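These notes are about the structure you will find just below.
The values are calculated or read from the model by the stated rules, or taken from the named source; none is laboratory data. Worth saying up front: this structure is predicted, and the values here are computed from it rather than measured. Neighbour counts are summed over all protein chains in view; Cβ atoms, including those assigned to glycine, are modelled from backbone coordinates with ideal geometry.
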Amino acid sequence: MNKPRVDIDEIMERYPGEPRYLISLLQDVQAAYNYISPEAMNLVCDHVGVPLTRAWSVATFYKSFSLEPRGEHEIRVCLGTACHLKGGARISEGVEMDLGVEAGRTTEDLKFTLETVNCLGACALAPVVMVDDAYIGGATRTKVRNLLKKL
Ligand code: FES
């Protein structure tokens, strides 16, 4: 499902133009657009009066911020120890082939972003893949592929 369009000016109006609102603004931009574009970053910096270099270092420090467009759906393949032992790497490679992107990348149609992670906190279900908020336990390439076809 596509996110509703939010006007960037509307986001800026939510906070006074003070440096302490930098992170709140970046979070709102991230939530609205799924990433922080260079244009949005410039507007945020102008609004709160912080140098671009500081905003970039904040945005690159926190993993919750993305500086590249993200897909509509997020796929996280676990490569932690339990999942690795049960074939996590094969699943990851399979999903990479199916989507035509490497882990860490987004498909050209902006439909999927593929990530690998070190543990999803559900080791008993290994191998585990998460698609958006749904856990796929005992994951196989086929299970993941079938789910992605439905999205
Ligand atoms: S190692 Fe995969 S869920 Fe913990």
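Mind listing whichever residues of the stretch 100-121 are touching a residue at least 24 places away in the same chain (Cβ under 8 Å), part of a loop (DSSP other than H, G, I, E, B) and not polar (S, T, N, Q)?
Ala103, Leu110, Lys111, Cys119, Leu120
Can you pull out every residue in the stretch 65-99 that is assigned to a loop (DSSP other than H, G, I, E, B) and within 30 Å of Leu26 (Cβ to Cβ)?
Once the filter is applied, which keeps residues that are assigned to a loop (DSSP other than H, G, I, E, B) and within 30 Å of Leu26 (Cβ to Cβ), the stretch 65-99 yields Phe65, Ser66, Leu67, Glu68, Pro69, Arg70, Gly71, Glu72, Leu79, Gly80.
With the structure loaded, tell me whether Cys45 is away from the ligand (no atom under 16 Å from the Cβ), crowded, with 19+ Cβ neighbours inside 10 Å and at pLDDT 95 or above or whether it fails that test.
Answer is yes for this residue.
Name the residue that is nearest to the ligand (Cβ to nearest atom), counting only residues in the stretch 113-135 that are buried (at least 16 other Cβ atoms within 10 Å of the Cβ) and polar (S, T, N, Q).
This residue is Thr116.
In the stretch 140-151, what residues are without any contact (Cβ under 8 Å) to a residue 60 or more places away in the chain and surrounded by 14 or more Cβ atoms within 10 Å (Cβ to Cβ)?
Thr140, Arg141, Lys143, Arg145, Leu147, listed by residue number.
Considering only residues that are aromatic (Phe, Trp, Tyr), surrounded by fewer than 15 Cβ atoms within 10 Å (Cβ to Cβ) and under 13 Å from the mean Cα position of the chain (by Cα), which ones fall in the stretch 60-105?
Tyr62
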